[in-house]
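Shown next, in structure tokens, is the structure this report addresses.
The values are calculated or read from the model by the stated rules, or taken from the named source; none is laboratory data. Since we're looking at a predicted model, the values are computed, not measured. Positions of Cβ are generated from backbone atoms using ideal geometry, with glycine treated the same way; all protein chains shown enter the neighbour counts.
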Amino acid sequence: MLKNINPTSTEAWKKLEAHFIETKELHLKDLFKDNPSRKDTFSISFNDVFVDYSKNRITEKTKELLLELAEEVELEDAISKYFYGDKINATEDRAVLHTALRSSSEDEVFVEGKDIKPKIQASLRKIRAFSNKVISGKWKGYTGKSITDIVNIGVGGSDLGPNMAVQALQFYKNKLNTHFVSNIDGDHVVEVLKKINPETTLFIVVSKTFTTDETIVNANTIKDWFLQQGPTIFDVSKHFVAVTANLTEVNNFGIPKENVFRLWDWVGGRFSIWSSVGLSISLSVGFDNFRELLNGAEEMDIHFKNEKLDRNIPVIMALIGIWYNNFYKSQTEVILPYSQYLYKLPVYLQQAIMESNGKGVDRNGNPVNYQTGNIILGSTGTNAQHAFMQLLHQGTKLIPSDFIGYKEPLFKVGNHHKKLMANFYAQTDALAFGQTRAEVHLGLKTSGNQDKINHLLPFKNFKGNRPSNSILFEKLTPNSLGKLIAIYEHKVFVQGVVWNIFSYDQFGIELGKELSKKYFDN
């Protein structure tokens, strides 16, 4: 189990409080002026990813104290337990081993005294064989036709992860069309059913327990619709497969054992994209690309596990987030991917971050007296620039941002990508450095607005000093997407360790579900 250390009781926390008072008025413009090499000082390169965190309201002393905090809460010990199967999800008496799902090493990982690697490898082989059979057209529906459409039926982690990844990797998709049904709202399922042919559609029912209300209601509605189109109950096996740990309920539904892809209780739903939950990804882009997604995540795992904390991307990003949340009292973060392919990433990360670290009780069961978790919002650049970013630039709230960009486009269309990335860099500069009254004055004067200068001056002034990270990859590939997701997974873990909370349970979502039954029964 993880150590129970209240972060506010540490010496580093007390030093950080004093340091905050000393440095809170520092401006990024001055920090860059004092250190022209600041970008080199505050950046990390790892394989094809470059993280520039120089545009944060930190000094080298801030970084030093944050790393002291990580040391005092015994982060390195926690990382070791995270990777090697300790039951760090203590409230549910489970290990947290989504990292093992993407590991290609020969190292053994034990749960309850048994090495889980053989089961993982067997699962991957089954995903590969099944994906190849469906994509090649060898898997036939009840009328002998090949599959053209996939429908993933799930909710929460059984939907958000694969849904996001399938969209993000559209450039790599094959001939299969992939759809997702998640909401218990009947309009959702009906709209999907309009688009498909029962003769050529494969349905994946994704639920660890196979009792999740939204998923099972939708699955039964779809099965009823399927049977009304002409096939018999015996044809269900040609069109339905399941991703679950509950073989009994799957059998009751009518899905044979050979159509079941297994899940394990040491895989949390919001971190299950790397497991059989990713079956729809493998079908959409092919198993080789799915394996590359896993490989990218594994590369980030190795970096996170082995790199020194001061050069560790997830650690540094997590600690900077704590600096703003707990000392600046900034409770919101913005995720800004500058790729339309990633428009579902902010919603995916909302679950990963807010469901994990939205906790008000520490690992001792005591109410916390400090902020935990972050409110996550986001959208793609440049759309966000025409939506909510006004608040980031000139609002009264301090909202740190993560800008995610790619040096190369997937489609080379005119000068689109050059303009896109010009906006990427310009926005981080505008947030950081702003625009002084003198600069506004000169701009208005040269633009012929001499008579309006005094009136417009206060409205066009940008104070700047708004923090951001820039995360740059060479190109959007399955591998780089895997790295990106893993960065945020490990950031969640680090912050949970520092805040002394359990990141891997989600009891907070249960009460509403229980109460809904009362209203439904009435």
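The figures follow:
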read-out	value
Which listed residue is among the aliphatic types (A, V, I, L, M) and closer than 24 Å to Lys81 by Cα, from Leu294, Leu342	Leu294
Qualifying position, being surrounded by fewer than 19 Cβ atoms within 10 Å (Cβ to Cβ), at pLDDT below 95 and in contact with a helix residue (DSSP H, G or I) (Cβ under 8 Å, 6 or more places away or on another chain), among Lys15, Lys29, Lys3, Lys61	Lys3
Pairs, first assigned by TED's automatic domain parsing to the domain that holds His417 in the range 380-403, second surrounded by 15 or more Cβ atoms within 10 Å (Cβ to Cβ) and modelled with pLDDT under 95, C-beta under 7 Å, six or more apart	His393/Phe462; Gln394/Phe462
Gly144 vs. criteria within 20 Å of the chain's Cα centre (by Cα) and not aliphatic (A, V, I, L, M)	no
Single match in Gln427, Gln385 (criterion: within 30 Å of Phe493 (Cβ to Cβ), buried (at least 17 other Cβ atoms within 10 Å of the Cβ) and either modelled with pLDDT of 95 or more or out of contact with any Ser or Thr (no Cβ under 6 Å at 6 or more places or on another chain) (or both))	Gln427
Test: Lys195 is within 30 Å of Ile353 (Cβ to Cβ), in the same structural domain as Ser282 (by TED's automatic domain parsing), in a loop (DSSP other than H, G, I, E, B) and of a type in the set (Lys, Arg)	no
Output for the range 443-494, where each listed residue is touching a Lys or Arg at 6+ places or on another chain (Cβ under 9 Å), exposed (fewer than 15 other Cβ atoms within 10 Å of the Cβ) and in a loop (DSSP other than H, G, I, E, B)	Leu457, Pro458, Glu474, Lys475
Condition met for Gln170 (assigned by TED's automatic domain parsing to the domain that holds Gly269, within 21 Å of the chain's Cα centre (by Cα) and surrounded by fewer than 16 Cβ atoms within 10 Å (Cβ to Cβ))	yes
Some residue of the range 138-154 being assigned to a loop (DSSP other than H, G, I, E, B), β-branched (Val, Ile, Thr) and buried (at least 19 other Cβ atoms within 10 Å of the Cβ)	yes
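Let's see how each residue does on (1) assigned to a helix (DSSP H, G or I); (2) buried (at least 24 other Cβ atoms within 10 Å of the Cβ):
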| residue | (1), (2) |
| --- | --- |
| Phe203 | no, yes |
| Phe210 | no, yes |
| Trp225 | yes, no |
| Val243 | no, yes |
| Glu258 | yes, no |
| Phe261 | no, no |
